[in-house]
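**Q** Got a structure for you, written out below as structure tokens; questions coming shortly.
The values are calculated or read from the model by the stated rules, or taken from the named source; none is laboratory data. Computed from a predicted model, the values in this text were never measured in an experiment. Cβ atoms come from the backbone with ideal geometry, glycine included; neighbour counts cover every protein chain shown. Protein only, heavy atoms only, side chains kept; ligands, DNA and RNA dropped before computing areas. Shrake-Rupley method; radii C 1.70, N 1.55, O 1.52, S 1.80 Å.
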Amino acid sequence: MRKDIMSDATARADYIDGVKALKATPADDPRYSRYDWYVLWHAATMMTMTPPGNSAGRNAAHSGPAFLPWHRYYLKRFEAEIAQALGKPDFALPYWNWVADGALGETDQGNAPIWGLDAMGGSGSPVASGPFAYDPTDPDTWVVRIELRPSGLFLVERGLNRMIQQAGIRRLPNTGSVARTLLRGDYDAAPWDRSSLPSFRNELEGWRGEGMHNRVHGFVGGDMGFGHSPNDPIFFLHHCNVDRIWAFWQQRNGAATYLPLDSAPADLMRHRVSDPLYTLPGDPGASGAVISDMFADPSASYDSLSDLADLAVVV
Amino acid sequence: MTDDTHLGLPVGDHDMSHGTQVTSVRSFDHGGKAVEIAATYEVKVNGVARQLHFSVGQDGKVTSHLRPYVAYDSLVDMVKDIIDHYPDDFGPAPQGGHGDHHGHGG
Ligand SMILES: [Cu+2]
């Protein structure tokens with residue numbers, strides 16, 4: 001069961017232990033870890049424009065319909081690998097309920113318990129406190145290895161950067177924006193990119209209105225503002241909450257309300273309902289998963305959707 | 001940062017395969033007429049043409065996978081932001097002092 005990370009000390013400890021265990025597990029290419037492999041996968045997906053050269057900036061997992069199913073697949077793979085690394089088959093990814101934190105005052109949002117020493121720690125370049133603080137003298141310290149730069153993907157060695165509320169975005173999405181997004185009835189709409197309207201996907205991704213998912217990346221700042229954003233372990237907790245919101249929406253609207261269908265034109269490659277989800281060349285766990293494989297059984301994974309149900313009322 | 005390694009993975013369709021020029025075509029109907037606005041952009045920093053992986057949408061806003069969670073109102077804003085966030089990727093650091101290296105995103 002996926003739980004609110006601040007509601008359960010065990011879920012919190014398991015998550016921190018789990019990401020550190022993946023950081024300590026070499027990938028097939030021993031220059032980086034299995035954790036870093038996920039960072040690489042995300043960055044490579046970001047670089048894969050669908051179709052190549054499109055003017056909307058749509059890639060295999062962002063600014064298009066596949067945004068939600070691709071990230072669901074990514075989280076499932078990550079969750080399963082942590083469960084294995086911890087030897088805890090029941091391990092479930094926790095989520096950061098930024099919907100709840102968004103209802104706090106501005107100062108309290110930056111000081112919320114998620115940023116405490118016993119949770120994700122605080123800001124810094126590099127981060128100076130909490131479980132992901134950088135200490136070059138400690139061989140087990142949290143080290144960033146993968147960067148997406150103008151000239152491609154690079155192997156680096158440095159601490160994690162995080163700049164909560166310092167990158168011009170001082171507030172999380174407000175509950176009014178969340179409520180409006182939840183009430184959207186259409187999964188997505190032409191032209192299937194960041195200008196789509198009406199589109200639940202596009203509003204949740206954050207290209208319309210106040211900005212939902214995108215705004216959370218900007219609120220955290222530092223590495224979270226780049227294609228290598230999964231370098232910050234808050235990434236997976238953030239996206240688990242995005243997934244929870246989609247699960248709630250699916251429960252309301254029917255699990256298989258996805259668009260576009262397979263009959264859509266070829267330039268929607270990677271975004272039609274039976275298209276394969278992008279993974280890295282040589283992915284050792286590639287399963288040939290397609291978008292529609294991500295529709296089943298959404299809401300049963302989460303401890304609670306009731307806070308979303310409370311918001312999703314027409315007033 | 002001098003020993004950072006380019007991973008050279010066969011991913012993405014921008015890298016190496018495209019030049020530094022970005023062509024944008026915006027088309028729409030207005031007053032019963034079909035309009036097409038075509039433009040080609042090239043960004044030079046310190047005289048060097050750079051591939052910044054951007055595209056210009058039908059609404060004129062600019063996006064780049066280098067700053068993937070933002071759509072910029074102008075290409076000028078995007079270029080400034082990318083230079084600010086990748087200080088080491090645009091030619092040699094200024095003379096006189098190594099300073100402490102903060103990495104990216106700071
Ligand atoms: Cu993403």
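**Q** For an R0 of 56 angstrom, estimate the FRET efficiency from the Cβ-Cβ distance between residue A:292 and residue B:48 and round to the nearest 0.05. Walk me through the numbers on the way to the answer.
**A** Details: r = 46 Å, r/R0 = 0.82.
Here the calculated transfer efficiency is 0.75.
**Q** Placing +1 at every Lys and Arg Cβ and -1 at every Asp and Glu Cβ, with all other atoms neutral, what dipole size does the protein assembly as shown have around its Cα centre, in debye to the nearest 20? Please report the intermediate quantities before stating the final value.
**A** Details: 35 positive and 52 negative charges, 146 e Å.
Here the protein assembly as shown has a charge dipole of around 700 debye.
**Q** If you don't mind, there's one more thing I want to ask. What total accessible area, in Å², is buried where chains B and A meet, using a 1.4 Å probe and rounding to the nearest 100?
**A** 3400 Å²
**Q** Which lysines, if any, have their Cα less than 23 Å from the Cα of residue B:44, not counting same-chain residues under 8 positions apart?
**A** Those lysines meeting the cut-off are B:61, B:80.
**Q** Peptide A:47-59: average number of partner chain Cβ atoms within 10 Å per residue? Present the calculation step by step, with values, prior to reporting the outcome.
**A** Details: counts 10, 5, 6, 1, 1, 5, 7, 2, 10, 7, 12, 3, 5.
Whole-number average of other-chain Cβ neighbours for A:47-59 is 6.
**Q** Tell me the Kirkwood radius of the protein assembly as shown: reciprocal of the mean inverse pair distance over distinct alpha-carbon atoms, in Å. It would help to have the intermediate numbers written out before the result.
**A** Details: mean 1/r = 0.0455 Å⁻¹.
Radius from the Kirkwood sum: 22.0 Å.
**Q** Further question on the same structure: Tell me, Kirkwood radius of the range B:21-89 from alpha-carbon pair distances, in Å?
**A** 13.2 Å
**Q** Take the alpha-carbon centre of the range A:118-164, take the same for the range A:177-235, and report the distance between them in whole Å.
**A** Going from one Cα centre to the other spans 24 Å.
**Q** At a 1.4 Å probe radius, carbon and sulfur cover how many percent of the accessible area of chain A? Don't jump to the answer; show the numbers that get you there.
**A** Numbers: 5710 of 10840 Å².
Accessible surface attributable to carbon and sulfur in chain A totals 53 percent.
**Q** Next question, about the same structure. Among A:216-223, A:159-166, B:70-77, what's the highest-first ranking by average C-beta atoms within 10 angstrom per residue?
**A** Details: A:216-223: 25.8, A:159-166: 22.4, B:70-77: 15.9.
Going from most to least packed, we get A:216-223, A:159-166, B:70-77.
**Q** Starting from the Cα coordinates of the range A:137-209, work out the convex hull volume and express it per residue in Å³.
**A** Values: hull volume 12.6 nm³, N = 73.
It is 173 Å³ per residue.
**Q** Right, something else. Give the lysines reachable from residue A:3 as a straight Cα distance under 30 Å; neighbours fewer than 8 places away on the same chain don't count.
**A** Of all the lysines, those that pass the test against residue A:3 - Cα under 30 Å, at least 8 places apart if same chain - are A:20, A:23, A:76, A:88.
**Q** On the protein heavy atoms, probe 1.4 angstrom, tell me the percent of accessible surface of the range B:21-89 carried by carbon and sulfur. List each step's numbers first, then the result.
**A** Details: 1820 of 3740 Å².
Of all accessible area on the range B:21-89, carbon and sulfur atoms account for 49 percent.
**Q** Using just the helices of chain A, give the 222 nm mean residue ellipticity in deg cm²/dmol: DSSP H runs with n ≥ 4 each add -39,500 (n - 2.57), and the total is spread over all residues, rounded to 500.
**A** On the way: 10 runs with 106 residues, N = 315.
When only DSSP H runs of four or more count, the value is -10000 deg cm²/dmol.
**Q** How far apart, in nanometres, would the label points at residue A:166 and residue A:186 be if each is projected 7 angstrom from Cα along the Cα-to-Cβ direction?
**A** For the pair residue A:166/residue A:186, the computed spacing is 4.2 nm.
**Q** Which FRET efficiency value, to the nearest 0.05, do you get for residue A:108 and residue B:34 by plugging their Cβ-Cβ distance into 1/(1 + (r/R0)^6) with R0 = 56 Å? Display every interim value, and only then the final one.
**A** Values: r = 53 Å, r/R0 = 0.95.
It comes to 0.60.
**Q** Oh, and also: What number, in nm² with one decimal, is the all-direction average of the projected area of the convex hull of the alpha-carbon atoms of the range A:211-315?
**A** On the way: hull surface 36.7 nm².
Directional mean of the projected Cα hull area for the range A:211-315 stands at 9.2 nm².
**Q** With charges set only on the Cβ (+1 for Lys and Arg, -1 for Asp and Glu), what does the dipole of the range B:21-89 come to about its Cα centre, in debye to the nearest 20? It would help to have the intermediate numbers written out before the result.
**A** Values: 7 positive and 10 negative charges, 32 e Å.
Using only the charged Cβ atoms, the result is roughly 160 debye.
**Q** Here's another thing I want to ask about it. Among B:68, B:79, B:40, flag the residue with its Cα farthest along the positive direction of the charge dipole of the range B:21-89, charges on Cβ as +1 for Lys/Arg and -1 for Asp/Glu.
**A** B:40
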